[in-house]
Each structure stands twice: as structure tokens, then as C-alpha cells.
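Everything on this sheet refers to the single structure shown next.
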Amino acid sequence: MATFLFDKTVFGPVKSRRLGISLGINLLPNDSKLCSFDCLYCECGWNPDPKKVKAVLPSREWVYSSLEAQLTRMSVENELPDVITFAGNGEPTLHPDFSAIIDDTISLRNKLASKARIAVLSNSTMLHKPAVVEALKKVDDNILKLDSGIFETIRVLNAPVGYFDFEKMIRQLIAFDGRLIIQTLFIRGEFNGVTFDNTTEKELSAYIELVRQIKPLKLMIYTIDRDTPLKSLEKVNQAELNKIASRIRETLNIDVEVSA
Ligand code: SF4
């Protein structure tokens, strides 16, 4: 099944389902995925074998000059983005200069596209690094992944690479003191004989309890859109997503944005 990689460091602009006209920044390799998760639904496909593929990350200087050139072009054409979004071929906070690149981006945004928001889509796995947390606190939309309130489901669905401490990650999400948005993908399916479904009663109860503790500004809930590495995944339909959103709103009185 076809999956998708961004072949540039600065890409787009693209119309994002969740964010508007978005200029993307890919801090990962342009020809392969690099992520601390290997989600079954990942649109970038699977992480390659690190022994076979050497990940080459863009330098801080390259990110700066590419973004400056693109924002200048867009300014001349009077088509500035609504949002500058860190996403791309994996987990942006894995970049060793992530924090400095966020500072550069804020400075370029202020100079060339003052109305654009800065968003980071992260899988929440690097929150044990204080510099990553401090950088995420500086952006307008700090969007962090939480696909389940149950570790076993995260283990199957998000497939953490290497050491992963779920309870510590939750404590770190709580420590943002509400300055975050939680993004959650709802899905069901089967992998290697294990079935999963993060829409069941047990799942929703555990998830809502964690969201209650984390107190995010809002939730973004969605389901798969593009091709994924696995065919045995089932999209959750719009009516089901709406029902889940209503339940969360009624229980927690929180803003829930739904994209199908
Ligand atoms: S966190 Fe995002 S990039 Fe990483 S594997 Fe999951 S979907 Fe793919």
C-alpha cells in the first residue's frame, strides 16, 4: 500500500484538515521516516532499519534559510500561511537543534508573517527533555498525541521504539498546566493476531479520565485519512467521532474539534 514522505524541509503550503493554510517544516530526513513511535496507521510507512538507512537531518542553518526564502516568496505573492507547522516524516522533537529552530522560527515569523501561528505536532515521547518542553511552551499550538488512556493499546497502536514510560509521559503532559492541545486518532483493527479498538467503553473511560487530569485547551480527534502501512485498519466514521466528541464535551466541558 502506498504511503507518503515529504521530500523537502519546508513544504507546502497545504490545506490542513485541522489547521488551515499550513506551511510545513519537516525536521526529519527527506527520504525516510524517523520516529520514536511506529504507529500502525502512520502515513509515512514504517521506520526503516537504522542499520540500513542512515538518517540525515536538515541543519539548523538550512531550515532557517529555507523558511526565510519561502516566507519571503509568499509575502511577495500576498499568500502568507495561517500557520507554520512542524510535522513531516516523523517526530520533530527528535532533532537535536529543535529548541534553537523554534527560536529561529519565532523570529522569522515575527519578521515576515506576523499573523501566522506556529504549531508543533508531536507524539509526546521527548517530554523528558527540558529544552523540548521549554520550546513547546513558546509555540502557539502545542499539539501532543495521546491515542489511548491504556498503555497496552499505546504499545500495540503506537509501537514505541525503545524505552517508553507511559506514566511518566502522562505526568509530563499534566505538567504543561493546560498549555497544550491533545490530538487523538480513533481507529480499530488487527495486527499480528492482536485486535485493538480505542473507541470501546473501557478505552473511552480511561482516556477521559486522563484528559480530565491533563486539562488541555482543547482536543483534536480524527481518524485515518491517507493510506497507511496496514490494510487491516478500520476508519471510525464521522457519526462515531461526533458521538465520542459529545460524550467528552458533556463529561469534561472541554472544546473538542472533530475531523473525519
Ligand atoms: S507519531 Fe506520527 S510520524 Fe510517528 S509513527 Fe506515529 S503517526 Fe507516524
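The values are calculated or read from the model by the stated rules, or taken from the named source; none is laboratory data. What you see is a predicted model; the values in this text were computed from it and never measured. No Cβ is skipped: glycine too gets one built from the backbone with ideal geometry, and neighbour counts run over all protein chains shown. Side chains are part of the model used for accessible areas, which takes the heavy atoms of the whole protein and leaves out ligands, DNA and RNA. Shrake-Rupley method; radii C 1.70, N 1.55, O 1.52, S 1.80 Å.
Counting only residues that are of a type in the set (Ser, Thr, Tyr), give me the strands (runs of 3 or more DSSP E) lying completely in region 168-260 with at least 1 of them. Working first, answer last.
On the way: elements: 181-185, 187-191, 194-197, 218-222, 233-235, 255-258.
Fully inside region 168-260 and qualifying: 181-185, 194-197, 218-222.
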Please list, ordered by first then second residue, the pairs with beta carbon atoms under 9 Å, 6 or more apart or interchain, first in region 168-183 and over 14 Å from ILE154 (Cβ atoms), second in a strand (DSSP E or B) and of a type in the set (Gly, Ala, Ser). ILE181/ALA119
Contact list please: Cβ distance under 9 Å, first residue in region 29-56 and within 12 Å of VAL161 (Cβ to Cβ) and without any contact (Cβ under 8 Å) to a residue 40 or more places away in the chain, second residue within 7 Å of the ligand (Cβ to nearest atom) and not hydroxyl-bearing (Ser, Thr, Tyr), pairs at least six apart or on different chains. PRO48/LYS33
Read through the list (1) open to solvent by less than 10 Å² (accessible area, probe 1.4 Å); (2) among the polar types (S, T, N, Q); (3) away from the ligand (no atom under 16 Å from the Cβ), then give the number of the only condition that ASN142 fails. (3)
Counting only residues in region 151-163 that are open to solvent by 40 Å² or more (accessible area, probe 1.4 Å) and closer than 21 Å to ASP49 by Cβ, the one farthest from the ligand (Cβ to nearest atom) is identified as TYR163
One residue is enough: does region 50-68 have a residue meeting the conditions of a type in the set (D, E, K, R) and within 18 Å of VAL14 (Cα to Cα)? yes
If I filter region 7-28 down to residues being within 15 Å of the chain's Cα centre (by Cα) and part of a loop (DSSP other than H, G, I, E, B), which single residue comes out as farthest from LYS218 (Cα to Cα)? LEU28
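For region 40-64: of the residues being aromatic (Phe, Trp, Tyr) and closer than 18 Å to ILE102 by Cβ, which is nearest to the ligand (Cβ to nearest atom)? Walk me through it before giving the result.
So in region 40-64, the residues aromatic (Phe, Trp, Tyr) come out as 41, 46, 62, 64.
Narrowing further to those that are closer than 18 Å to ILE102 by Cβ: 62, 64.
Numbers: TRP62: 21, TYR64: 23 Å.
The residue in question is TRP62.
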Quick one: in region 198-227, of everything that is touching a Ser or Thr at 6+ places or on another chain (Cβ under 9 Å) and more than 21 Å from SER124 (Cα to Cα), which residue is modelled with the lowest pLDDT? ASP227
Quick count over region 85-114, residues being touching a helix residue (DSSP H, G or I) at 6+ places or on another chain (Cβ under 6 Å) and away from the ligand (no atom under 16 Å from the Cβ), is 9
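Restricting to region 104-138, give me the number of residues that are out of contact with any strand residue (DSSP E or B) (no Cβ under 9 Å at 6 or more places or on another chain) and farther than 17 Å from ARG60 by Cα. Break it down stepwise before answering.
To start, the set of residues in region 104-138 that are out of contact with any strand residue (DSSP E or B) (no Cβ under 9 Å at 6 or more places or on another chain) comprises 104, 107, 110-112, 114-115, 126, 128-131, 133-134, 137.
Next, only the ones that are farther than 17 Å from ARG60 by Cα stay: 110-112, 114-115, 126, 128-130, 133-134, 137.
Within region 104-138, residues that are out of contact with any strand residue (DSSP E or B) (no Cβ under 9 Å at 6 or more places or on another chain) and farther than 17 Å from ARG60 by Cα number 12.
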Selection count where residues are open to solvent by 10 Å² or more (accessible area, probe 1.4 Å), polar (S, T, N, Q) and not in a loop (DSSP other than H, G, I, E, B), scope region 80-136: 3
Suppose we keep only residues that are touching a Ser or Thr at 6+ places or on another chain (Cβ under 7 Å) and under 17 Å from SER124 (Cβ atoms) within region 23-39. Which one would you say is farthest from the ligand (Cβ to nearest atom)? SER36
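Can we say GLU240 is among the acidic types (Asp, Glu) and either open to solvent by less than 50 Å² (accessible area, probe 1.4 Å) or modelled with pLDDT of 95 or more (or both)? Step through it out loud before you land on a result.
Details: among the acidic types (Asp, Glu): yes; either open to solvent by less than 50 Å² (accessible area, probe 1.4 Å) or modelled with pLDDT of 95 or more (or both): yes.
Yes.
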Selection from region 235-258 of residues polar (S, T, N, Q) and at negative phi yields ASN237, GLN238, ASN242, SER246, THR251
Members of region 191-237 found to be charged (D, E, K, R) and surrounded by fewer than 16 Cβ atoms within 10 Å (Cβ to Cβ), listed by number: GLU201, LYS202, GLU209, ARG212, LYS218, ASP225, ARG226, ASP227, LYS231, GLU234
Would you mind stating whether SER148 is within 16 Å of the ligand (Cβ to nearest atom) and either free of Cβ contacts under 8 Å to residues at least 40 places away in the same chain or surrounded by fewer than 19 Cβ atoms within 10 Å (Cβ to Cβ) (or both)? no
